[in-house]
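First the structure, in the form of structure tokens, and then the observations on it.
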Amino acid sequence: MMEEGSVRIDLDKLPIKRLDAIDELGNEQFPPEIGHEEKRLSMIRRIDFSFVVGKDEKQAKSSKETAAAAAAAAAAAQQPAWPWQGLVENLQLAHQELSIIIDLINTVEANDAVAVAGMQRPKPLPNEVLSDLSVSAATKLQRLRHLGRYFKQSSKAMEQQVSRDARFYGSLIRLQQNWKVKRQRMAAIGPGSEGFSFDLLDNSFLDLTALSRPSSISTVRVDHHYSGILSIQRPQKSCRSISLRFIGADPRCKQKSFSRKKVYSSAEHPRTAKTEALTDEDVNECVKDTHSVLCEIHQSIFEEQVFDMVNHETYNPLPGVSVTGMREDFLQLAIGQETSVCLCLVPSGKEDVSQMVDPLGDSQNGESGLLNSDSMELSIVGDDKPDFLKLSGMPNPVSLEIYLLFIFLENVLARAKERRSCPVRAQVSGQPADDSCGVLGHFCMTVAHRIFSNKVLSELESLVNGVPYIQLLSHPTWHSRTSSWSLSLKVPQSVHAARRSKISDDHYLKHGMRSQFHTKVVVKDDQINVSGEGAPSIICSFRGSSSDVFSMNCYGCDLEDLPMILLQQVASQVIRWLHEEALVVGMKASRDFLCLYFDLDHGDTLGLVAHVDPDDINGCISWWVVMDDGSAEGKKLTDYGESEGRRFLGHLSLEALYATVMDLASLCSIGGIH
Amino acid sequence: MSKAGASGAGSGPTAAATQAAHQKQKALLQRVDTDVANIVDNFSLLINVARVNDPPIRNSQEAFQMEMRAARMVQAADSLLKLVSELEQTAIFSGFASLNENVDRRIEVFNQLEGSTERLLEKIGEEAAASLKELETHYYSSVLRTCQRD
């Protein structure tokens, strides 16, 4: 079907009716006839009209401009031929030939009459051989490339596997340096888990906590993240700590900030989210975090064990200590008559926050999350004692918590060492726990002592406030049940300067005079011991001799008597100092317990008497001058009224006293001359 | 590594353990041999079929063979990796000598740490006491206090 020369249509030039098959009888079977219409349609579909359409447009354009039909025909003739024209023709020819050959073969195959006598493959041309070969080689190359890609992929996967393993086992080995790693071969191994676990139970506690609950948090499962990161599953209630509180005290007073640190949770580690580009630092961080988590869990196991041991020790009766409340994770002890302490295990991690309503809440739910009716009741009982709310007398609960943990640890270590029969350091450092009362007893006595010593200290401070020339010095004893202070009386600098102008230093040294006097207050448990120097004891004063002036006095006293005894001690020290000073300037002076007598002419005596009163707000020590004609003793000082023989001097400072004595001295010397 | 595990178990008290360790070692070595031989054999076969054959039909047969050989090689390599990971585990959990040594070392380190911490605490305590003394002396001799009563 040829139309115009300019339009070429691809046609099947050999519309041969092909045989589909020939049966045994020789009947030829043809494929079903394709309808004429269909044929035409398929033929039309094969016509490439795009070329014609393009050209028609061009023609339309050009006709508009020139409108010359002859010129258009000439232009159409001049158009270059389609470049693939030759190829198409060649292919058509090849197709034709192949069709003939196929037809022939089919005919020969179907026809018995025709036998193929011999067939020879046409000898391939050299270029054909080469092209065959090159096709084969190319195919092979393709295959090999494919294999190469496969190998590369596998090697990459294996490298990843190796680095994952290296990460995981490296982390595990590093953690194994500090923790006990266990492998559960038989256990049901979940996905992502290799069946490893950390065993955090410290078996040095085992014999002590044999009766206590089995610690559920001592086994920590290890997860192997697909990126090779090691993570652990934090068990429930794995972050708890002991909390100590005085009943009635405001729980907000407790500073928890430094005792609790950041809580790690490796399960939701951000690094596990990013699987690519995991650097060594990331792995390092992960190991460190895991280590920190394990440390936290280990610590809370320890604190739990200490709590259990405390519970255990309360089974034995302790003197002065009684258990007034006991619940799960809660213990209330009454120490002595006034003090009530509660010990509880409180969750300190963020994972447990949901379990507790208000960790540092008000006093109503002060029992830190263990909210039930008992705690309400207890805190109400505490509220009934408003005097306990003032916290000045209470020691810091945090330091007591630390001390409790410390003494139990020391105790456990000591027992562990004994068990190992290695008596290198049988005695624990600090102080050995008193065997008679046990560790808890020791702790309770410590608490009682701290409260008592705080009271003593406040007494001392108020006393020092009343006597301006005394200095209070604390002496740390490094023992939890002993406290010590000293009150020192210093001769003022101005007095030093004044007397230096009168007498040489050698004289002072020769007379063994002191410029400082000390009084020491030592509190052991609830025993106060006062020892002072430089004053004759009351017994000496009874004897009337003052020969043993350098003796040390020791008194045991209770809290009520303490200020009085101390003031007497200080006053007697002042008297002693004034006596020495008077002797130095050549006066005839004698001293008694709290009096200094100057002998005047005619057997008269002038007495300087100290009056002590701890409750005097103006000053605790006041001074009197007593004129005595020898007939009466001037010791009766209960009366404040002045009379002929006595004169109230007031609360004098040391300088004023010294000046008074010096005035008296000059007075006496004048009197002596007259 | 397997040797270390074997010798560690060999020093144990029972002969059965030694035997078991030997057997394990042998099995591991055998596995290594099998896997390596597998890789080498498959690789040589792969190289053999890599040459271009004349009849093109065989080439496509060989393509299939190549894929199979490659897969086997990869499988053997994976098995070797698994073996390495097993050995790593054995090294972690069976190197008792090194573990004990490490524990001893850690104990030593912690003892030192304990000592130094104790010294540090003592020092801090002494410093605090000295500071307290100084502050108290300063306070009680200060003008503020001496003038307080006046």
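The values are calculated or read from the model by the stated rules, or taken from the named source; none is laboratory data. From a predicted model like this one, the values you see are computed outputs, not experimental measurements. When we count neighbours, we look across all protein chains shown, and the Cβ atoms used for this are built from the backbone with ideal geometry, even at glycine. Each accessible area value is taken on the protein alone, full model and side chains, heavy atoms only, with ligands, DNA and RNA left out. Shrake-Rupley method; radii C 1.70, N 1.55, O 1.52, S 1.80 Å.
Here are the numbers for the structure shown:
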quantity: Residue match in the range A:622-634 (condition: within 14 Å of chain B (Cβ to nearest Cβ) and modelled with pLDDT of 80 or more); calculated: yes
quantity: Selection within the range A:124-151 - of a type in the set (S, T, N, Q) and within 7 Å of chain B (Cβ to nearest Cβ); calculated: A:Ser136, A:Thr139
quantity: Residue among B:Val84, B:Val143, B:Val74, B:Val36 that alone is open to solvent by less than 60 Å² (accessible area, probe 1.4 Å) and either at pLDDT below 90 or within 30 Å of A:Leu172 (Cα to Cα) (or both); calculated: B:Val74
quantity: Matching residues in the range A:476-487 - criterion: being open to solvent by 30 Å² or more (accessible area, probe 1.4 Å) and either among the β-branched types (Val, Ile, Thr) or in contact (Cβ under 8 Å) with a residue 40 or more places away in the chain (or both); calculated: A:Thr477, A:Trp478, A:His479
quantity: Whichever residue in the range A:22-48 is over 30 Å from A:Val108 (Cβ atoms) and hydrophobic (A, V, I, L, M, F, W, C) and, among such residues, is modelled with the highest pLDDT; calculated: A:Leu41
quantity: Among (1) over 15 Å from A:Phe151 (Cβ atoms); (2) more than 8 Å from chain A (Cβ to nearest Cβ), the one test that B:Ile47 misses; calculated: (1)
quantity: Residue that is nearest to A:Phe408 (Cα to Cα), among those in the range A:299-320 that are among the charged types (D, E, K, R) and touching a strand residue (DSSP E or B) at 6+ places or on another chain (Cβ under 9 Å); calculated: A:Glu303
quantity: Selection within the range B:50-66 - at the interface with chain A (Cβ under 7 Å from one of its Cβ atoms) and of a type in the set (A, V, I, L, M); calculated: B:Ala50, B:Val52, B:Ala63, B:Met66
quantity: Candidate set from the range A:459-470 (those that are open to solvent by 20 Å² or more (accessible area, probe 1.4 Å) and under 16 Å from A:Ala571 (Cβ atoms)); member that is farthest from the other protein chains (Cβ to nearest Cβ); calculated: A:Tyr469
quantity: Residue tally, condition at the interface with chain B (Cβ under 10 Å from one of its Cβ atoms) and open to solvent by less than 70 Å² (accessible area, probe 1.4 Å), over the range A:163-180; calculated: 9
quantity: Residue in the range A:331-347 that is open to solvent by 70 Å² or more (accessible area, probe 1.4 Å), modelled with pLDDT under 85, closer than 25 Å to A:Cys239 by Cβ and in a loop (DSSP other than H, G, I, E, B) present; calculated: no
quantity: Counted residues, the range A:519-560 - those being more than 19 Å from A:Ala448 (Cα to Cα) and at pLDDT 85 or above; calculated: 4
quantity: Top-ranked residue of the range A:225-272 - restricted to ones that are under 30 Å from A:Val162 (Cα atoms) and among the small types (Gly, Ala, Ser), ranked as modelled with the highest pLDDT; calculated: A:Ser231
quantity: Members of the range A:431-458 found to be of a type outside the set (S, T, N, Q), open to solvent by 70 Å² or more (accessible area, probe 1.4 Å) and either in a loop (DSSP other than H, G, I, E, B) or modelled with pLDDT under 85 (or both), listed by number; calculated: A:Asp435
quantity: Any hit, the range A:474-490, residues being among the aliphatic types (A, V, I, L, M) and out of contact with any strand residue (DSSP E or B) (no Cβ under 6 Å at 6 or more places or on another chain); calculated: no
quantity: Enumerated helices (runs of 4 or more DSSP H) restricted to the range B:43-150, each holding at least 1 residues that are touching a Ser or Thr at 6+ places or on another chain (Cβ under 7 Å); calculated: B:56-94, B:96-140
quantity: Given (1) away from chain A (no Cβ under 11 Å); (2) crowded, with 17+ Cβ neighbours inside 10 Å, index of the condition B:Arg69 fails; calculated: (1)
quantity: Conditions (1) out of contact with any Asp or Glu (no Cβ under 8 Å at 6 or more places or on another chain); (2) free of Cβ contacts under 8 Å to residues at least 60 places away in the same chain; (3) within 11 Å of chain A (Cβ to nearest Cβ); (4) not hydrophobic (A, V, I, L, M, F, W, C); number of the one not met by B:Ser85; calculated: (1)
quantity: Single unsatisfied condition, A:Arg121 versus (1) modelled with pLDDT under 80; (2) open to solvent by less than 80 Å² (accessible area, probe 1.4 Å); (3) within 14 Å of chain B (Cβ to nearest Cβ); calculated: (2)
quantity: Single match in A:Leu87, A:Leu104 (criterion: more than 18 Å from A:Asp20 (Cα to Cα) and either in contact with a Cys (Cβ under 9 Å, 6 or more places away or on another chain) or of a type in the set (A, V, I, L, M) (or both)); calculated: A:Leu87
quantity: Members of the range A:579-595 found to be of a type in the set (A, V, I, L, M) and touching a residue at least 24 places away in the same chain (Cβ under 8 Å), listed by number; calculated: A:Ala582, A:Leu583, A:Val584, A:Val585, A:Met587, A:Leu594
quantity: Cβ-Cβ under 9 Å pairs, at least 6 apart or on other chains, the range B:130-144 side over 16 Å from A:Glu461 (Cβ atoms), far side open to solvent by 70 Å² or more (accessible area, probe 1.4 Å) and not hydrophobic (A, V, I, L, M, F, W, C); calculated: B:Ser141/A:Lys490
quantity: Residue in the range A:408-420 that is open to solvent by 80 Å² or more (accessible area, probe 1.4 Å) and at pLDDT 85 or above present; calculated: no
quantity: Residue match in the range A:348-369 (condition: open to solvent by less than 30 Å² (accessible area, probe 1.4 Å) and modelled with pLDDT of 50 or more); calculated: yes
quantity: Residues located in the range A:135-159, provided they are under 17 Å from B:Ile47 (Cβ atoms) and open to solvent by less than 70 Å² (accessible area, probe 1.4 Å); calculated: A:Ala137, A:Lys140, A:Leu144, A:Leu147, A:Gly148, A:Phe151
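The rows are residues; the columns are (1) out of contact with any helix residue (DSSP H, G or I) (no Cβ under 7 Å at 6 or more places or on another chain); (2) touching a residue at least 40 places away in the same chain (Cβ under 8 Å); (3) not hydrophobic (A, V, I, L, M, F, W, C).
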position: B:Thr18; (1), (2), (3): no, no, yes
position: B:Ala21; (1), (2), (3): no, no, no
position: B:Leu28; (1), (2), (3): no, yes, no
position: B:Arg31; (1), (2), (3): no, yes, yes
position: B:Val36; (1), (2), (3): yes, yes, no
position: B:Leu46; (1), (2), (3): no, no, no
position: B:Ser60; (1), (2), (3): yes, no, yes
